[in-house]
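Below you'll find the structure, written out as structure tokens, and then a few comments.
The values are calculated or read from the model by the stated rules, or taken from the named source; none is laboratory data. Here the structure is a predicted model, which means the values were calculated and not measured. So basically every Cβ, Gly included, is an ideal-geometry build from the backbone, and we count neighbours across all protein chains shown.
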Amino acid sequence: MGVLLYAVVGVGTQLIASAPHSIVTVFDFTNCYAAPPVALPCERVAYRVGTLNALLNVWCGVLLIAVAAWLVWDLWSAAAPRPITDDFLKLLEDSFARDWRKPRTWPWTRVVWAYGFALAGVALGVGMSLLISALSAQSPARAPTGVVETSQEFRVIQ
């Protein structure tokens with residue numbers, strides 16, 4: 001679940017961060033280099049394209065981050081304790097309910113079960129990403145060198 005969360009949040013933030021790169025501005029410099037009576041300032045921007053593409057990238061990124069938030073909420077709900085069905089145990093639960101002002105009474109086991117494995121998965125995903133990045137960025141151990149034969153041999157022809 002943690003690797004899935006890491007992937008969803010990573011792709012979502014990458015889509016949002018790369019959205020401005022989708023906008024392309026085309027410049028027209030033909031009027032700027034005309035004969036000497038050039039009207040200043042000359043119009044340089046011909047047109048811009050890709051605004052809708054950038055908007056859709058941002059929208060998909062926001063949706064992916066919302067999916068990640070939903071997965072975190074679903075993970076919290078899945079780790080919820082089962083409801084008490086016995087009347088006597090219900091009475092005990094109501095009598096000795098948790099006090100949220102005291103951290104010692106908080107449901108720490110539920111937090112550990114819900115988010116412990118997810119954090120381990122996120123750490124595994126980050127570690128694998130860094131490992132792949134480090135391996136792909138390494139330069140070769142020794143630069144390849146070409147061998148060129150430059151010696152010539154002369155002999156007497158009889």
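Residues in the stretch 1-31 that are outside any helix (DSSP H, G or I) and closer than 26 Å to Ala120 by Cβ: how many? Can you show your working first?
Filtering the stretch 1-31 for residues outside any helix (DSSP H, G or I) gives 1, 18, 23-31.
Subsequent filtering for residues that are closer than 26 Å to Ala120 by Cβ retains 1.
Residues flagged as outside any helix (DSSP H, G or I) and closer than 26 Å to Ala120 by Cβ within the stretch 1-31 amount to 1.
So if I check each of Leu56, Leu63, Leu91, Leu52, which one is modelled with pLDDT under 70 and exposed (fewer than 15 other Cβ atoms within 10 Å of the Cβ)?
On the way: Leu56 fails: modelled with pLDDT under 70; Leu63 fails: modelled with pLDDT under 70; Leu52 fails: modelled with pLDDT under 70.
Selected residue: Leu91, the only one of Leu56, Leu63, Leu91, Leu52 that is modelled with pLDDT under 70 and exposed (fewer than 15 other Cβ atoms within 10 Å of the Cβ).
I'd like the full set of residues that are of a type in the set (Asp, Glu) and at pLDDT below 70, limited to the stretch 20-48.
First, pick out the residues of the stretch 20-48 that are of a type in the set (Asp, Glu): 28, 43.
Within the stretch 20-48, Glu43 is the sole residue that qualifies.
Which members of the stretch 103-126 meet the condition of being of a type outside the set (S, T, N, Q) and at pLDDT below 75?
Initially, the stretch 103-126 is screened for residues of a type outside the set (S, T, N, Q), giving 103-104, 106-108, 110-126.
Within the stretch 103-126, Pro103, Trp106, Pro107 meet the criteria.
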